[in-house]
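Here's the structure we're looking at; comments come further down.
The values are calculated or read from the model by the stated rules, or taken from the named source; none is laboratory data. The model shown is predicted, which means the values in this text are computed figures rather than measured ones. Here the Cβ positions follow ideal geometry from the backbone for every residue, glycine too, while neighbour counts run over all protein chains shown.
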Amino acid sequence: MTDIATASALRAGIAALLLSGSGIALAQSVPIVKPGAPGQASGTLSAEQATRLAQASYTPADVTFMQGMIVHHQQAVDMAKLVKDRTNTEELKTIAGRIESSQADEIAFMESWLKERGEPVADPMMKGHAEHMHHMMKGMASPEALAALAAAKGTEFDRQFLTLMIAHHDGALDMVETLLDEEGTATDPVMFQFVSDVESEQKTEIGRMDKLLATLSADPRVGLAAGFDNAGEAIMGLVKVASLRKPAGFFNPANPADLRPPVAPRKDASDKAEAAKPAEAVSAAPAAAATTAGAATPPREEEDTLTEYAERSPLLDFANTDMAFFGDVMVAGSYHGFNIYQLSADGVPTLKSSVVCPGGQGDVSVVGNILVMSVEQTRGRIDCGLEGAPGKVNEDRFRGLRVFDISDLSAPRQVGAVQTCRGSHTHSIVSADDKRLIVYNSGTAGIRDGKELAGCVGSTPGDSRTALFSIDVIEIPLADPSKSRIVKSPRVFADEKTGEIAGLWKGGDHGDGTQDTSRTDQCHDITVFPALKLAAGACSGNGILFDIADPLNPKRLDVATDTGFAYWHSATFNNDGTKVIFTDEWGGGSRPRCKASDPKTWGANAVYDIKDGKLVFRSHYKMPAPQSDMENCVAHNGSIIPVPGRDLFAQAWYQGGLSVMDFTDSANPKEIAYFDRGPIDAKQMVLGGYWSTYWYKGHIYGTEITRGIDVFALKPSEHLTEAEIAAAKAATYENDRFNPQTQTRVTWDKGVIDAARASRK
């Protein structure tokens, strides 16, 4: 649709063509029988009666939709009328004028549609309940919200209006989706065209309003300039110590930013567009001509008719992923393998060696001379080859847990490999002694064909052998890592009473206005805290607290559900194990989920206290700076910053940057430091930003998916004293190592603790 008049004319043209048709009556020489209910006599129908259902061009649901959308649109018109006298923002006036004009036009069309079919304009079931309509239709503003809007002025009015109107438009989209989900609805071509127009217009308007809403924020992170290596930056409470580009062999020199290629222009596009224009002879429907008096129709912005860039993005061939640390060494994982860095006294990494072993996801952990790496992609090969493993079944394919000997940091060797049915997305070192490692493996990919790996069974209903609904417990014998194997696959999601293996969240939403939460058939991350014999599992549809006193047999202590979580992604304890943070990876990390209009509790953190082995919800936290629609952003990986007496969390938000959260008061978390860059590209969204940000021995290290590695130091501020920063630097890590999903309790000398405490007085 190019403008409102064109859409109205098109709908009118379709209606005229339909109304010009005539019925065809065929001779009927035998009776037409209509059976009754069981035990009742049959009746007969005339030919006209018998075809009445077939001739029906609309359903009761169509009628209800139109009646409800009239009320829904009218509230939008009423809200738009408030704008002129309450704002000085010209762009908002333009948006409001467009809403007032277009939705008044659509109200007139809907009323005409109903009247032409002999249907009431107002739903009789809703008579006398107009003041409660906001409870009955999605996105409707409450009377209290409307009163507050009418009383507001200036920037506060702008913020309230845009927030309410974006939710209102989202509600209209939900109404369209609900209608189209019902079989047999919107088969009337006129109505289908109208519904399609509503959907297109509302989505476009939401995009405009979201961008305007973001500009109302005073946060320095809003509106940063785009660029792969020259993006704008904003920083608070931190000092950037170093930025390292990816090493040679770990990026595409021809396309280091992983941009999608532009689509070649289509030939004769202008001619085709001209031919597609509706004939001038088609007149507008009378109903479509009615508009709000005095409301001029602002010119509609020209919209793209062709996709400017290729629809499919490159594979994450070279994406940076997770990190592990030991001594003065950092290992940075990648979909392409891993890189080993030596850390200098000032925290700056120097590349020691690079290991190419494709297969993603590349999460790493280190214990002694053993490095463990997760592999999940189907292109992974047993021999680390670069040629991939094509086909549904390939004997050279590897998906699971690789084991490397890194006793010589300059020449790591693969010494073991454990194939698993769902690969390895992440893993956790649960226990380590001088004889073996015990590792929890979490696979989230599709189940392998049993012809490729014996024992892999899919999701056939009723088949209890399925590789779903379990985790893998893997043993790595240190004397001979080649004998590493799965020793157990506990059904950690089973119903404790019935034994049903699918005993937790079944998937789906939790009711109106809630998130669609993934089914609990896997864990994405399991963070183990061996010293406390606890683990926190972020398990797709639930957050789970485990007792791991017996590492081979983890037992559920408690299960949490959040109606705003889409996918329980990761978990982090505080240092004494009395709190745990769960993260929600709404959109899978590839979508822009931190826009100004996005819910503040979706794609966020959930902070829980742990009381007597139970999870007690306390609050949500989401990085507060609105991001653009060119920046993938959602809660991702982070670690504790060890300041005695406080609970601080340094966290990656993809292209939302690095945010340091203070959750000492678990009911009121707040941001105390941040770093952010502008998007990788101004015209297309590229998957990028921080995969992980971890504190280790005085610095925060961040793996930038596309750009490289950044190093930061904390800076004294009103939120953090110099003595507290010194205490964090002086913290001692158990076994002098940090693995992302194996949490170790840090300790301090008494003098350090006292100095930090005194500095807060």
Among what's in segment 120-158 and is of a type in the set (D, E) and modelled with pLDDT under 90, pick the residue that is nearest to G513 (Cα to Cα). E131
Out of F617, F663, which single residue is surrounded by fewer than 20 Cβ atoms within 10 Å (Cβ to Cβ), in contact with a Phe, Trp or Tyr (Cβ under 8 Å, 6 or more places away or on another chain) and among the hydrophobic types (A, V, I, L, M, F, W, C)? F617
Looking at V367, V331, V348 in this structure, which one is surrounded by fewer than 24 Cβ atoms within 10 Å (Cβ to Cβ), modelled with pLDDT of 95 or more and closer than 15 Å to L244 by Cα? V348
So is F565 buried (at least 24 other Cβ atoms within 10 Å of the Cβ), of a type outside the set (A, V, I, L, M) and part of a loop (DSSP other than H, G, I, E, B) or not? yes
Residue among A417, A411 that alone is part of a loop (DSSP other than H, G, I, E, B), at pLDDT 95 or above and either among the hydrophobic types (A, V, I, L, M, F, W, C) or crowded, with 23+ Cβ neighbours inside 10 Å (or both): A411
Residues that are outside any helix (DSSP H, G or I) and among the hydroxyl-bearing types (S, T, Y): does segment 74-95 have at least one? yes
Looking at L687 and the list (1) at pLDDT 95 or above; (2) among the hydrophobic types (A, V, I, L, M, F, W, C); (3) under 19 Å from M623 (Cα atoms), which single condition is not satisfied? (1)
Does segment 394-402 include one or more residues that are hydrophobic (A, V, I, L, M, F, W, C), surrounded by 15 or more Cβ atoms within 10 Å (Cβ to Cβ) and free of Cβ contacts under 8 Å to residues at least 12 places away in the same chain? no
Quick one: which residue in V616, V660 is touching a residue at least 12 places away in the same chain (Cβ under 8 Å), within 28 Å of R757 (Cα to Cα), among the aliphatic types (A, V, I, L, M) and outside any loop (DSSP other than H, G, I, E, B)? V660
What's the number of the only condition in (1) over 16 Å from S597 (Cβ atoms); (2) within 24 Å of the chain's Cα centre (by Cα) that T204 fails to meet? (1)
Scan segment 191-235 for residues that are under 21 Å from Q684 (Cβ atoms) and among the acidic types (D, E) and jot them down. D210, D229, E233
Return yes when N252 is at pLDDT below 95, surrounded by fewer than 16 Cβ atoms within 10 Å (Cβ to Cβ), over 23 Å from the mean Cα position of the chain (by Cα) and assigned to a loop (DSSP other than H, G, I, E, B) and no when it is not. yes
Can I438 be described as part of a strand (DSSP E or B), touching a Pro at 6+ places or on another chain (Cβ under 6 Å) and either hydroxyl-bearing (S, T, Y) or crowded, with 18+ Cβ neighbours inside 10 Å (or both)? yes
If you take the residues in segment 741-761 that are part of a loop (DSSP other than H, G, I, E, B) and not basic (K, R), which one is farthest from N575 (Cα to Cα)? D749
Would you call D383 touching a strand residue (DSSP E or B) at 6+ places or on another chain (Cβ under 7 Å) and either surrounded by fewer than 17 Cβ atoms within 10 Å (Cβ to Cβ) or modelled with pLDDT of 95 or more (or both)? no
